[in-house]
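Asks: Take a look at the following structure, please.
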Amino acid sequence: MDLTQYLPKSLALSEDVIGWGERLLGFANFNRAHDHIEEDWENGSGEDFFTLACKYLNLNYDLEGLENIPAEGPCVITSNHPHGLSDGIMFGAVAMKVRKDVRIVVNDFLYCVRGMRQYAITVNVYGGDAAKRANMQGMKEMLNWLREGHCLLVFPSGSVSSLSLRHREVQEDPWQENITSVIRKTKATVVPMHISGHTGWLFQAVTVLAKGHRASLLPREIKRDGRMRHTIRLGKAIPPALMASFETTAALNDYLRLRSSLLRYPVVQKEPAASLPADRAEVDKPEPPELLQEEIDALPESCFCYHGNSTGLQIYAAEAEQIPRLLHEIGLQRELTFRSVGEGTGKSCDLDEFDPHYIHLIMWDSRNKALAGAYRIGRTDFILRNKGIKGLYNAGFFHFDQPMLDVISQGLEMGRAFITPAYQRQPASLDTLWMGIGRYLLKHPEYRYLYGTVSISNEYTDFSRRLIHGWLRANEMEDNLAKYVQANFPPEDMDLRAEDKPLIANGMKDVRLLNALVSESEADGKGIPVLLRQYLRLNGKMVSFGIDNDFGGTLDCLVLLDLKSAASRFTKRYMDVQS
């Protein structure tokens, strides 16, 4: 690199001043490293340019996910661009560990590096007619390279991350859709990559004050980058079939950027049931099946809701005083079921002061005389009239302003739902519970809303919980009512960065994309909770989020389902008496 190339031709400076400037700006350090690389090649070294450049520029990194780069076939590795020259060098070194047929898309500034030219496809990020002509040629080279089955490395932003004064954080510049267009045309597999960190504050200050003059500071940043250890993560490969499902290039562009950005959040697997207290009590012994069957048989006809002929599962809605033994069985099966996913009260039986005045929707296996699951129903108007606000279970976790109280007083509070582990493997179990809910609503048409919390267990990784929380906030909030609900214990340190939020809203609207990404991130492959999927399918909306510290630190998502907005889907399936 020659400093005089970046100075006005009319400016005459002595060699000493030029040398001092090159040392100050890091040009001299970079040139020494390049000389060492060329000496190694002259002496017969077979190492590639990127690996040697990392060695002589002291660029060190921890690498995760290298196995996600396919060994052959058209592949585009997309990365954020936090540092500048260092990114391109580390990027190439990582890719060359798996593929030798790589090309990296660079701007004119990087093309000046002799050792990189054999790998480079150049673009011009500075605009103008000359830039358009150069970029057309670059696009053709990218298309041909991928159609020949090779690997392309690209920074889709085209420029180094910049300081956002509005959000007070360094953010990736917008990704260019022409790169995404190349990906779609060539049906290449995409591997997202993320490099940690950002440039120094001097570089960011120049970016704010005079962005066009910051390029000369990039070599100086390499010296800074050589004094730290970077983290580079490669995500799971994104297949062409998934990308073909996006209707617009803009949405796919946001999705690809999001996949790179989400790699900034580490995925740390948790030990099963790690959140349960060590001193938890032994769960009570189950009730004798024949005595439970006696209570079922003694229930009046008005309690019966639904019978699944093919499964033998029956649904009853009963008052607590009608089912003393069944209520105890509900409490211990609740505890066992929740403990199996890292939750639970730690008590011998999960019953509380709310159970006596709630309705209990019981799923009973008539063939095996066993409790298969249950749901607790709170008639909000009845509870508020007889018990006051403290009689509502969710009032212990959320504060409801009057406009929200006016809404839920027309609704049923749904909660403490569970399906015992033996029946979770039967797809009909949850559907049968909802059949019971539908039949109960037919008997009580005065209720318009269903509301309650859906729990995201602490057994999920922190990444998955953060992602689910961020996705729901971006896509499924009932904003008109959310302002009237405040969580007593709101989630902390769970927000995504400001630049990631619009990407989720624009690039990942489909819950199936969320489910797939969560499943990728969990060691056991589980997706988002089934009950949450069910509420979303029925057009349920979120109004608040809280943490239940007494229940294994679960993330509680307070959901509201307006039966009028869900009518076409809900009534056809669950309130059609012919089904």
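The values are calculated or read from the model by the stated rules, or taken from the named source; none is laboratory data. Only a predicted model underlies this, so the values are computations on that prediction, with no experimental measurement involved. Cβ sites come from the backbone with ideal geometry, for glycine too, and all protein chains shown count toward neighbours. Surface accessibility is based on the protein's heavy atoms, side chains included, excluding ligands, DNA and RNA. Shrake-Rupley method; radii C 1.70, N 1.55, O 1.52, S 1.80 Å.
Asks: Only one residue in 323, 296, 330 is within 36 Å of the chain's Cα centre (by Cα) and modelled with pLDDT of 95 or more, so which one is that?
Replies: 330
Asks: Follow-up. Here is a list of conditions, (1) open to solvent by less than 30 Å² (accessible area, probe 1.4 Å); (2) at pLDDT 95 or above; (3) not aliphatic (A, V, I, L, M), and residue 393 meets all of them except one; can you say which number that is?
Replies: Only one criterion in (1) open to solvent by less than 30 Å² (accessible area, probe 1.4 Å); (2) at pLDDT 95 or above; (3) not aliphatic (A, V, I, L, M) is unmet by residue 393, namely (1).
Asks: Same structure again: Quick check on my filter: what residues within segment 384-393 are assigned to a helix (DSSP H, G or I) and over 17 Å from residue 351 (Cβ atoms)?
Replies: 384, 385, 386, 389, 390
Asks: Among the residues of segment 358-374, are any aromatic (Phe, Trp, Tyr), under 22 Å from residue 529 (Cβ atoms) and more than 34 Å from the chain's Cα centre (by Cα)?
Replies: yes
Asks: Restricting to segment 472-493, give me the number of residues that are assigned to a loop (DSSP other than H, G, I, E, B) and either open to solvent by 40 Å² or more (accessible area, probe 1.4 Å) or of a type in the set (A, V, I, L, M, F, W, C) (or both).
Replies: 8
Asks: So which residues in segment 53-106 are within 23 Å of residue 262 (Cα to Cα) and among the polar types (S, T, N, Q)?
Replies: Listed by number, the residues that qualify are 60, 68, 78, 79, 80, 86.
Asks: I've got another one for you. Just need a number here: residues in segment 60-93 that are surrounded by fewer than 24 Cβ atoms within 10 Å (Cβ to Cβ) and hydrophobic (A, V, I, L, M, F, W, C).
Replies: Residues that pass the stated criteria total 6.
Asks: Is it fair to say residue 283 is touching a Phe, Trp or Tyr at 6+ places or on another chain (Cβ under 9 Å), among the β-branched types (Val, Ile, Thr) and at pLDDT below 95?
Replies: Taking the combined requirement at face value, the residue does not satisfy it.
Asks: Hey, among the residues in segment 292-325 that are assigned to a strand (DSSP E or B) and open to solvent by 20 Å² or more (accessible area, probe 1.4 Å), which one's farthest from residue 365 (Cα to Cα)?
Replies: Checking each candidate, the answer is 319.
Asks: Report, by residue number, each residue of segment 356-371 that is crowded, with 18+ Cβ neighbours inside 10 Å and farther than 16 Å from residue 328 by Cβ.
Replies: 359, 361, 363, 365
Asks: Out of the residues in segment 174-199 that are open to solvent by 20 Å² or more (accessible area, probe 1.4 Å) and in contact with a His (Cβ under 8 Å, 6 or more places away or on another chain), state the one that is modelled with the highest pLDDT.
Replies: 196
Residue by residue, here is whether (1) at pLDDT below 95; (2) within 30 Å of residue 239 (Cβ to Cβ) holds:
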site: 462; (1), (2): yes, yes
site: 471; (1), (2): no, yes
site: 477; (1), (2): no, no
site: 491; (1), (2): yes, no
site: 499; (1), (2): yes, yes
site: 502; (1), (2): yes, yes
site: 507; (1), (2): yes, yes
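Asks: Go through segment 216-268 and count every residue that is buried (at least 17 other Cβ atoms within 10 Å of the Cβ), of a type in the set (A, V, I, L, M, F, W, C) and more than 21 Å from the chain's Cα centre (by Cα).
Replies: The total comes to 3.
Asks: Next question, about the same structure. Please enumerate the residues belonging to segment 326-355 that are open to solvent by 30 Å² or more (accessible area, probe 1.4 Å) and more than 25 Å from residue 528 (Cα to Cα).
Replies: 328, 347, 348, 351, 352, 353 - these are the residues of segment 326-355 that are open to solvent by 30 Å² or more (accessible area, probe 1.4 Å) and more than 25 Å from residue 528 (Cα to Cα).
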